[in-house]
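Encoded as structure tokens, the structure appears first; notes follow it.
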Amino acid sequence: MGDLVEVNPSESSIICAFGRKGSGKTTWLRSFWDSWPFDKIAIDVNGDLEPGPDAIEIYEPLGDYFPTFSDDWPKNLHFKADPGSPTYRESLDQALMLATFPQDKKVLAFMDEIGEFTTGNQTDPNLRRILMQSRHYNVSALIAGPRPMDIDTLIIGQADLIAIYDLPNLDDQARIAKTIGYPVGRFSEAITEMRALGPYYHLLWVTPGLSKSGSPTLAICNPIELD
């Protein structure tokens, strides 16, 4: 991946990964999470994000601003949402608000199971703010989900970098290809070729902003290795 992509944490980026559970997408996103040098918040809807041993658990009520602390070290926040709560959806959106304020603070937000953050294929307010105005709010985002058919195409369209893992459904493939403006047939052929290589291989779509070549790129990548 290093010869294709150049991610600068000082600049806002939207990074997505799609694929079936266990295909490797969350591990891939965690490689960005672990190396992030600024504040970050993991919004955990299923209890298995594992944001790291330095994570600080935060609870409701969440407030409207990223919490302040007595020292200046980057903070790693972990919010475990309660799907059984009557305010579950509102809490997810409120947690995203922490990433946007104050605006001069660089924050990375990690959203696993992105379908939980959308209603009827429409993004909730603070997610939409992050997608449309990430640079204004100094926010970057890591977004994971099993099926792009279940989410707002705004998420795909605003992504700077997309990893596609095991995604056998043709409708899912077409949704990504059409949104990024790539020929559907060629996109599906690339996925078929990638899947034949074995588990944890993935396709990578890189927009010009993050591509080392300066041009949009679709490439098959080897499984990543984590220490």
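Derivation of every value follows stated rules applied to the coordinates shown; laboratory data play no part. Just so it is clear, the model here is predicted, and its values are computed rather than measured. All Cβ positions, even for glycine, are placed from backbone atoms using ideal geometry, and neighbour counts span all protein chains on display.
Some points to look at:
- Listed by first and then second residue, the pairs with beta-carbon distance under 7 Å, at least 6 apart or on different chains, first residue in region 152-180 and without any contact (Cβ under 8 Å) to a residue 60 or more places away in the chain, second in a strand (DSSP E or B), are ASP152/THR118; ASP152/GLN122; ASP152/THR123; LEU154/THR123; ILE180/TRP205.
To keep it simple, each residue is scored yes or no on (1) small (Gly, Ala, Ser); (2) touching a strand residue (DSSP E or B) at 6+ places or on another chain (Cβ under 8 Å); (3) farther than 18 Å from ILE15 by Cα.
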residue	(1), (2), (3)
GLN158	no, yes, no
ILE162	no, yes, no
TYR165	no, yes, no
LEU170	no, no, yes
ALA174	yes, no, yes
GLY185	yes, no, yes
ILE191	no, yes, yes
MET194	no, yes, yes
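- Residue in region 60-70 that is under 15 Å from TYR137 (Cβ atoms) and either exposed (fewer than 13 other Cβ atoms within 10 Å of the Cβ) or free of Cβ contacts under 8 Å to residues at least 24 places away in the same chain (or both) present: yes
Yes/no matrix, rows are residues, columns are (1) in contact with a helix residue (DSSP H, G or I) (Cβ under 6 Å, 6 or more places away or on another chain); (2) of a type in the set (D, E, K, R); (3) assigned to a helix (DSSP H, G or I); (4) surrounded by fewer than 20 Cβ atoms within 10 Å (Cβ to Cβ):
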position	(1), (2), (3), (4)
LEU108	no, no, no, no
MET132	no, no, yes, yes
HIS136	no, no, yes, yes
MET149	yes, no, yes, yes
GLY157	yes, no, yes, yes
GLN173	yes, no, yes, no
ALA177	yes, no, yes, no
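- Filter result for the condition that a residue is closer than 24 Å to GLN158 by Cα, touching a residue at least 24 places away in the same chain (Cβ under 8 Å) and part of a loop (DSSP other than H, G, I, E, B), over GLY209, GLY214: GLY209
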